[in-house]
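Only one structure is covered here, and it is reproduced in the block below.
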Amino acid sequence: MVVRSKHISTFLLTISIISHVSQPLHFELKSGKSRCISEDIKSNAMTVGKYTVSNPNDPHPFPQSHKINIRVTSSHGNTYHHAEEVDSGQFSFTAVEGGDYSACFAASDHKPDVTLSIDLEWGSGVHYKSLGSLAKKSKVEVMEFEVKALIETVNSIHDEMFYLRDREEEMQDLNRATNSKMAWFGLLSLFVCLGVAGMQFLHLKTFFEKKKVI
């Protein structure tokens, strides 16, 4: 079986994308403000997340000013995780619908203002393999988790290959449609130019005839 180099490049690109491991995200949040982090998740893909607020008084208990509210929702408005006045937490779910999922963090309004440092580790599909410890904390059996991870890896590569193929076909259709429209536009422009030139010729001929030049 002969595989074209373009398909090989696409496959390698897919492997590179799928094998990427999500890195923890660190950001700051001021009192009375909110911030949302989005993750594109495919339908039926497992996703897990862990968030922690840095304690400025470590090892003493968290001050009340360093508590946050968090809500994880889908693009359709469905809530998958909600917690209030917490300094850390975790969530895990299987996406029923594909699209952008948002984790919105909100800090209570305090005077004087404080700045919270938040660490978020969020992965979906193959990326949630890096959060194995979180899955164990969620009482998911290790063997089951690894099997699901392998199945998810295969499914992700399979889906990504078909997605790239569909995108390639869409781009080819778009190029053909654009070329066709440009060809018709070129012909229309030619006819318009010929029409304008003909009208100018008739106008000049009439003008010179009136002036008895010709």
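Quick look at the values:
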| quantity | calculated |
| --- | --- |
| Residue check, Ala95 open to solvent by 30 Å² or more (accessible area, probe 1.4 Å) and among the small types (Gly, Ala, Ser) | no |
| Residue match in the stretch 33-49 (condition: more than 19 Å from the chain's Cα centre (by Cα) and buried (at least 16 other Cβ atoms within 10 Å of the Cβ)) | no |
| Every residue from the stretch 66-92 that is farther than 20 Å from Lys33 by Cα, open to solvent by 30 Å² or more (accessible area, probe 1.4 Å) and assigned to a strand (DSSP E or B) | Thr79, Tyr80, Gln90, Ser92 |
| Out of Leu116, Leu134, sole residue that is closer than 18 Å to Val53 by Cα and either among the polar types (S, T, N, Q) or modelled with pLDDT of 70 or more (or both) | Leu116 |
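The values are calculated or read from the model by the stated rules, or taken from the named source; none is laboratory data. Treat the numbers as computed from the prediction; the structure is a model and nothing was measured. Here Cβ is always computed from backbone atoms with ideal geometry, including for glycine, and neighbour counts include all displayed protein chains. Please note that ligands, DNA and RNA were not included when accessible areas were found on the heavy atoms of the full protein model with its side chains. Shrake-Rupley method; radii C 1.70, N 1.55, O 1.52, S 1.80 Å.
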